[in-house]
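I have placed the structure first, in the form of structure tokens, so that the comments after it can refer back to it.
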Amino acid sequence: MTISPDLLKIGKGYSRAELAELFDAPDLATSREGWYPRDRYDYIPFFVTLNKEKADPAVAYNDYFEDGLFFWESQNQNTLNSKWIRKIIQEQAVPLLFVREVAKIKGVTQKFVYAGRLASPEPDRSSSRPVKFTFDPLDLLDPLPENLGALVAWKPGDERRTPLRDEFAKAVERKRKRTGSTSQGYETDPKVRRAIELRAMEVATKAYERHGYHVDDVSGNHPYDLLCSKQGVKQRRVEVKGTRGAASVVNLTVGEVIAAREPSAITDLFIVYEIQVSGPNGSPVASGGKVQVIQGWVPEEEDLEPTQYRYKVPLNEAK
């Protein structure tokens, strides 16, 4: 058996011992390095403890999520010419990210939460040691499991975080220019996420009102966002999605899929994409956006990709 992301579940906590058994790699259980590179694997497990307040300053590396990316620093002995650093840059070995906030709580060692694959490595070539990387987390799709969402939202103190802001901004811009964003993705800042949602709802509401519909926002208590009514015409449900990226992939809940498949209802999928976000820190403002609408939308099974599963644990009967 070899290391593979197919064996793992996004948002699930794993101990090193559990991963050692899962990957058939006994020495992983006793490994204490921040990663586990091995020649026989195409993937490298990264083990990251975010909060370094109690760590030795010499090894208090900066690792955290921001702007939909993940910033990571290697151990000090690595350089851009180190074997595994080169493999990461050339994407010959894909990091699998396991992350936790602190190592122990009340003396109990905490498990690492699986956060998925890291891609599109951008090394900071202006520094030598440690090597600094900005990654694109491929599997951070909204909605995130609550425990993983809290880790994505975690930030170090400003004294550690501020000097790295420019590197993130450059990496975000490089990423957008190189590949463009092809999915709805996950907005780590809840205020940005809310601003994008409100902008999408505003655009959708005005669009249906221009066509003579009375529009009600029912997103708070229904598995769709808008209910549009017009005399002599059957009501339409509208599922609204907003994103700063492209419109090729959007994230859906089980409830949204079930509601859209109800044969007695007409549902439209209204996507507002390439939304612009600006404004001062803490007060984002969303504007613009292009529109794509799928009328009479019924999501087909072949177009859906599961990103996580809910498992009902069987109860053990008393004997």
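Would you be able to say whether some residue in region 286-309 is within 16 Å of GLU202 (Cα to Cα) and under 21 Å from the mean Cα position of the chain (by Cα)? Scanning region 286-309 turns up at least one residue that is within 16 Å of GLU202 (Cα to Cα) and under 21 Å from the mean Cα position of the chain (by Cα).
Scanning region 223-263 for residues that are in a loop (DSSP other than H, G, I, E, B) and free of Cβ contacts under 8 Å to residues at least 12 places away in the same chain, we see that the one that is surrounded by the most Cβ atoms within 10 Å (Cβ to Cβ) is GLU262. Residue count for region 232-248 under the criterion of being in contact with a strand residue (DSSP E or B) (Cβ under 9 Å, 6 or more places away or on another chain), more than 23 Å from GLY68 (Cβ to Cβ) and not β-branched (Val, Ile, Thr): the result is 4. The number of residues in region 82-109 being in a loop (DSSP other than H, G, I, E, B), open to solvent by 20 Å² or more (accessible area, probe 1.4 Å) and touching a residue at least 24 places away in the same chain (Cβ under 8 Å) comes to 6. Scanning region 1-52 for residues that are touching a Ser or Thr at 6+ places or on another chain (Cβ under 8 Å) and among the basic types (Lys, Arg), which turns out surrounded by the most Cβ atoms within 10 Å (Cβ to Cβ)? Only one residue fits best here, namely ARG16. Of the helices (runs of 4 or more DSSP H) entirely within region 115-191, those holding at least 1 residues that are at pLDDT below 85 and over 18 Å from the mean Cα position of the chain (by Cα) occupy 158-161, 165-178.
The values are calculated or read from the model by the stated rules, or taken from the named source; none is laboratory data. Please read these numbers as outputs of a predicted model, since none were measured by experiment. Note that each Cβ is placed from the backbone with ideal geometry, even for glycine, and that neighbours are counted across all protein chains shown. Quick note on the areas: whole protein, heavy atoms, side chains included, nothing else; ligands and nucleic acids left out. Shrake-Rupley method; radii C 1.70, N 1.55, O 1.52, S 1.80 Å.
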